[in-house]
Amino acid sequence: MLKSIHHVAIIVSDYEKSKHFYSVILGLKIVAEHFRKERNSYKLDLAVNEVYQIELFSFPSPPLRLSHPEATGLRHLAFSVENIEEVLKHLKKFNVTTETIRVDEFTGKRFTFFLDPDGLPIELYEV
């Protein structure tokens, strides 16, 4: 019935800062960018490995996230990586703070977390 995840939508508090974070620091490809005048809102479409997956939205005065990260709803985004140390070195160049690498108790795979500009938890999971 379901074929794949089409996209993940994220509402950001500072559009330019988040655009820079996701496109420059994380290296996601910008597919399209639109300003919706009637909503005073930007919509930025981003691709991961040429697959359209993330939409960033800006809205005037969006409410803050309720708690970190255990609120009901989306807990975090997770990206698969081939070499977690290489990605962590890249993030460090941009002063992105990451947690210590952990090991998944069920799969034996390594993973870690860091935060986007709005405090949304992002996981890196080594495959």
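Where a number appears in this text, it was derived from the coordinates with a stated rule and is not lab data. Since we're looking at a predicted model, the values are computed, not measured. Cβ coordinates were reconstructed from backbone atoms using ideal geometry, including for glycine residues, and neighbour counts include every protein chain displayed.
Label sites at Tyr52 and Ser4, each approximated as a point 7 angstrom past Cα along Cα to Cβ, lie 1.2 nm apart.
Of all lysines in the structure, the ones whose alpha carbon falls short of 21 Å from that of Lys92, not counting any fewer than 8 places away in one chain, are Lys17, Lys19, Lys29. Setting aside same-chain residues fewer than 8 positions from Lys89, which aspartates and glutamates have a Cα under 16 Å from its Cα? Hits, sequence-local ones excluded: Glu99, Glu123, Glu126.
Ranked by how many other Cβ atoms sit within 10 Å of their own Cβ, fewest first, the residues Leu88, Leu64, Leu26, Leu74 fall in the order Leu64, Leu74, Leu88, Leu26.
Could you work out the helix-only [θ] at 222 nm for the chain, with each DSSP H run of four or more residues adding -39,500 (n - 2.57) and the total divided by the number of residues, to the nearest 500 deg cm²/dmol? Each step should come with its number before you reach the end.
Numbers: 2 runs with 16 residues, N = 127.
Calculated at 222 nm, the ellipticity per residue is -3500 deg cm²/dmol.
Taking the Cβ of each residue in Phe106, Phe59 as the centre, tally the other Cβ atoms inside 10 Å and list the residues starting with the fewest. Intermediate results must be reported in sequence, preceding the final value.
Working: Phe106 6, Phe59 15.
In increasing order of surrounding Cβ atoms, one gets Phe106, Phe59.
The modelled label-to-label distance between Phe94 and Lys17, using points 7 Å beyond Cα along the C-beta direction, is 1.4 nm.
Per residue, how big is the convex hull around the C-alpha atoms of the chain? Give it to me in cubic angstrom, could you? Could the numbers behind the result be given before it?
Details: hull volume 18.4 nm³, N = 127.
Considering the Cα atoms of the chain, their hull volume per residue is 145 Å³.
Exposed loop sites here are trypsin sites (Lys or Arg not before Pro) in DSSP loop states with at most 12 other C-beta atoms within 10 Å. What is the longest stretch of the chain lacking them?
Numbers: sites that count: Lys3, Arg75.
Longest stretch, sites excluded: 4-74.
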